Amino acid sequence: MEALTKKLVEAFGPCGFEDEVRDLIREEVAPYADEIEVDQMGNLYALKRGDGSGLKVAIAAHMDEIGLIATHITEEGFVRFTNLGFIIPHTLMGARVRFADGTLGVVSRDKARFVADMDKMPGVDQHFIDVGASSRDNCPVKIGTPGVIWQTMEVQGSRWIARCHDDRIGCVIGVEALKRLAETPHDVYFVFTVQEEVGTRGAATAANRIEPDVAIAVDVTPASDVIEGFPMQMKLGDGPGIKIKDMGMIAHQGLARLMQRRAEEAGIPYQPEVLLVGSTDARAMQIAGPGSAAGAISIPNRYTHTTSEVVDAADVENSVRLLVEILSKPIAL
Amino acid sequence: METLQLLRTLSEARGPSGLERAATDVIADLWQPFVDSIAVDRLGSLVATKNGSGTAPRPRLMLSAHCDEIALMVTDVVEANGFGFLRVTAVGGVDIRHLYSQRVVVHGREDIPGVLASLPTRLLPEDRRSGAYGFEDLMVDVGLSAESTRNLIRIGDFVTFDQHLVELVNGRVAGKALDNRASVAAVTICLEQLHGRAHVWDVLAVASSQEETRLLGAATSAYRLQPDAAVALDVSYATSYNAKDSINVELGSGPMIDQCINIHPGINKALIDAAKALEIKFTHVGYGGNSGTDAQYIQIARAGIPTGLLSIPQRYMHTMVETVDIKDVERTGRLLAEFVVRLSADFIDTISAEMLEA
């Protein structure tokens, strides 16, 4: 899975521009899915058919990552931009940007020379990107060109460091679970969604299309085991989180219990998750159409929405195992 | 059942947003004698059907009163001197100012009583002696050893408030969860009244789930049931001491019939006509923006559903002493029943035509 993770986290896919990621995932899932489809929004569906005795289940991982988009090119050839999804402005200064056409740029901010201003944090709109152009005309980046903060993946021991585990690691887990899922009673739709970071838009469309009975998002959650971390219990390496509540939803309690029971039966470590910030695709799938019993598998992730997110390889493996356990057995709600 | 007893039963039922089952069980018992079928759906909403007398396929009216209540959830079990204490967070719009010194019930592997407490003021550092305790200062103490606490209670368990209904003088009651069990009581009264009266339309009474968090039950039930029209019921602000001038509805002045962007004027008019026919007290209230009630999502389900909204005046919303007037609850139930009885088979065509003319 390490190789697949490297491939996916080094692919380009900010919100609304997920094509490259989708092509890579499609290649991976094609041999294992009974049907493959892409909808008008760009969501990728890989259906694994059940034996007819189970439910309709949607497993969602979002392909998009937080990114940026050019809003204005100055006469001197600098690129002004806005965020696609929630960029933490602190991560911008000195970062490298890769635009859709491969152009590289570096980020600085207005009045960066004033050391006295260093304790102030300007917004995204007070930053600019230098791509080496000398004028608006010779700047290869145009208004509307999307970009991402660029970083390669590094591995150190069991820790995987990358710029967008959120949520390519969820995609990796979805792909791997599909590969390992020999038999299932359920019709399982592995959905690789678009535009999660701008408001779970792809998942809403996908759930309206599928109308699943059960909907499970696979996404990262902030690990709290750092200096003055989030006031919650979520440790890196202690197993996947099983969602009970976050800011956007309360998980289906029967489903959350069933997920915990499956983990216990199979001896998979897990952590019950009550998250005080953020939400996932499950939020949108829960309320779409006739509604679904929704939950989530959450991969503990340090430094979420920065250029160096950190997950533990054991959590990734255990998330796949948990997902396969859940999907290969009956789901009684 | 006497309305006072009905309100007591409903207020004291435990149905936090996301785990409404104990409340819907109580409501199902209340509705069962008056309806043709009843079931809880996948998302926790209770749906009861009372068939109309018209020829099938009959038009269908959805009544939606949310049955969930604001509550708390365990986020951590911490140990101090060998005892277990629970950290909690809010489920729905909890006002932290009423948390300190509440009695609660923790819904762990069994129901366990607890108290929501902090250090007495004099034991706190001086700079923390004023102001409300937030979740970082408060712990639920269940009196158990750390080990027993961990065995019985897990992160994610719900915690509900332990408050009995209080009967005030002058026909008023105060208690928890009267937002929105007062409306559930009104729907119960409506169903009871309809039991002996002929009505053309099918009535789909929904005790909807998770309104306090995201209007989930109403949105999904409306999609699933696809009714021809709907009326949502909720509580709304009544005036009290020191209330803003903009709030001028008194307790005891009858239901509010709301007009806002969620409301179809035809339904609104029919509700007013029903109130006038009964010579019942009511207040016609109008405002801009969304109602923040079930009506908001029912209106936009499927291809759109003509929706009305009745609000029961209530003081002290989202506290443990939510106060309503028993007569207002009864008036709301009677008004609703009258509205249902007056619905003709071609009602929707009528209000659509009126809309076009206007």
Given 0.36 nm per residue, what is the gain on full extension from B:ILE261 to B:ARG154 after removing their alpha carbon distance, in nm? 34.3 nm
In nm, what is the difference between 0.36 nm times the number of residues separating B:ASP349 and B:ALA80 and their Cα-Cα distance? 90.2 nm
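Take the Cβ-Cβ distance between B:GLU2 and B:TYR100 as r, set R0 to 30 Å, and report the resulting FRET efficiency rounded to the nearest 0.05.
Values: r = 34 Å, r/R0 = 1.14.
Working from the Cβ atoms, E equals 0.30.
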List the GluC sites (Glu not before Pro) within region A:65-148 that DSSP assigns to loop and that have no more than 14 neighbouring Cβ atoms inside 10 Å. A:GLU75, A:GLU76
Per 5 Å bin, what is the whole-percent P(r) computed from every C-alpha pair distance within region A:1-136? 2, 8, 15, 17, 14, 12, 10, 8, 6, 4, 3, 1, 1, 0
Taking GluC sites (Glu not before Pro) as candidate sites, keep only those in a DSSP loop with at most 10 other Cβ atoms within 10 Å, then name the longest stretch of chain B containing none of them. B:137-278
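Between B:SER240 and B:ALA22, what FRET efficiency comes out of the Förster formula 1/(1 + (r/R0)^6) with R0 = 35 Å and r the beta carbon distance, rounded to 0.05? Each step should come with its number before you reach the end.
Working: r = 30 Å, r/R0 = 0.87.
Given R0 = 35 Å and the Cβ-Cβ separation, E is 0.70.
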Per the rule of 0.36 nm per residue minus the C-alpha distance, extending A:ARG26 to A:LYS235 adds in nm 72.0 nm
When region B:71-161 is reduced to its Cα atoms, the Kirkwood hydrodynamic radius in Å: 13.3 Å
Between A:ASP110 and A:ASP51, what is the spin-label point distance in nm, taking each point 7 Å from the Cα along the Cα→C-beta axis? 6.5 nm
For A:ALA314 paired with B:ALA198, estimate the spin-label separation in nm (one decimal), with each label point 7 Å from Cα along the Cα-to-Cβ line. 7.4 nm
With an 8 Å Cα cut-off and a minimum separation of 6 or more residues, compute the relative contact order for region B:71-161 in percent. 44 percent
Given springs between every Cα pair under 10 Å in a Gaussian network model of chain B, which of B:ASP202, B:ASP346, B:ASP68 has the largest fluctuation? B:ASP346
Please report, in whole Å, how far the alpha carbons of region A:67-149 spread along each principal axis, starting with the longest. 34, 27, 17
GNM on chain A, C-alpha springs below 10 Å: top fluctuator among A:ASP34, A:ASP19, A:ASP167? A:ASP34
Using a 10 angstrom Cβ neighbour count of at most 12 plus a DSSP loop assignment to flag exposed trypsin sites (Lys or Arg not before Pro), which longest range of chain B is free of such sites? B:245-358
How well do other chains shield peptide B:110-119, expressed as the mean number of their Cβ atoms within 10 Å of each residue Cβ? 0
Cα centroid separation - region A:209-248 against region B:192-238, whole Å: 33 Å
Do you know the relative contact order of region A:67-149, to the nearest whole percent, from alpha carbon pairs under 8 angstrom that are 6+ apart? 46 percent
Taking 1 over the mean of 1/r across every pair of different Cα atoms in chain A, what Kirkwood radius in Å do you get? 20.2 Å
Specify the inter-centroid distance of region A:260-292 and region B:112-189, based on alpha-carbon positions, in whole Å. 26 Å
Could you give the longest part of chain A that holds none of the chymotrypsin sites (Phe, Trp or Tyr not before Pro) found in DSSP loops with at most 13 neighbouring Cβ atoms within 10 Å? A:115-333
Taking the Cα centre of region A:67-149 as the origin and placing charges on Cβ (Lys, Arg +1; Asp, Glu -1), which of A:HIS90, A:ILE73, A:PRO146 is farthest toward the positive end of the dipole? A:HIS90
Express the relative contact order of chain B as a whole percentage, based on alpha carbon pairs under 8 Å and six or more residues apart in sequence. 23 percent
Expressed as a whole number, the average count of other chain Cβ atoms within 10 Å around the Cβ atoms of A:244-251 is 6
Extending each Cα 7 Å along its Cβ direction at A:GLU228 and A:GLU183, get the distance between those two points in nm, one decimal. 5.6 nm
I'd like the distance separating the alpha-carbon centroids of region A:163-178 and region A:1-67, in whole Å. 9 Å
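Which chymotrypsin sites (Phe, Trp or Tyr not before Pro) in region B:188-287 pass both tests, a DSSP loop state and at most 14 other beta-carbon atoms within 10 Å?
In loop regions of region B:188-287 (DSSP not H, G, I, E or B), the sparsely surrounded chymotrypsin sites (Phe, Trp or Tyr not before Pro) are B:TYR241, B:TYR287.
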Hand me the chymotrypsin sites (Phe, Trp or Tyr not before Pro) from region B:55-104 located in a DSSP loop with no more than 15 other Cβ atoms within 10 Å, in residue order please. B:TYR100
CD proxy at 222 nm, helix term only [per DSSP H run n ≥ 4: -39500 (n - 2.57); per residue of chain A; nearest 500]: -7500 deg cm²/dmol
Where a Cα-Cα gap under 28 Å defines reach, which lysines qualify for B:LYS327, not counting those fewer than 8 residues away within the same chain? B:LYS50, B:LYS176, B:LYS244, B:LYS269, B:LYS276, B:LYS281
Report the FRET efficiency, 1/(1 + (r/R0)^6), for B:ARG302 and B:THR55, where r is their Cβ-Cβ distance and R0 is 22 Å, rounded to 0.05. 0.40
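Pairs A:LYS6/A:LYS56; A:LYS179/A:LYS243; A:LYS7/A:LYS120: which exceed 27 Å Cα-Cα?
A:LYS6/A:LYS56; A:LYS7/A:LYS120
Mind checking B:147-159 for the average number of partner chain beta-carbons within 10 Å of each residue's beta-carbon? If you can, show how the numbers build up before the last one.
Details: counts 0, 0, 0, 0, 0, 0, 0, 4, 10, 13, 4, 4, 0.
Per residue, the number of nearby Cβ atoms from other chains is 3 on average.
Every number in this text was worked out from the coordinates using simple rules, so none of it is lab data. Note that the structure is a prediction, hence the values are computed from the model and not measured. As a convention, Cβ positions derive from the backbone with ideal geometry for all residues, glycine included, and neighbour counts pool all protein chains shown.
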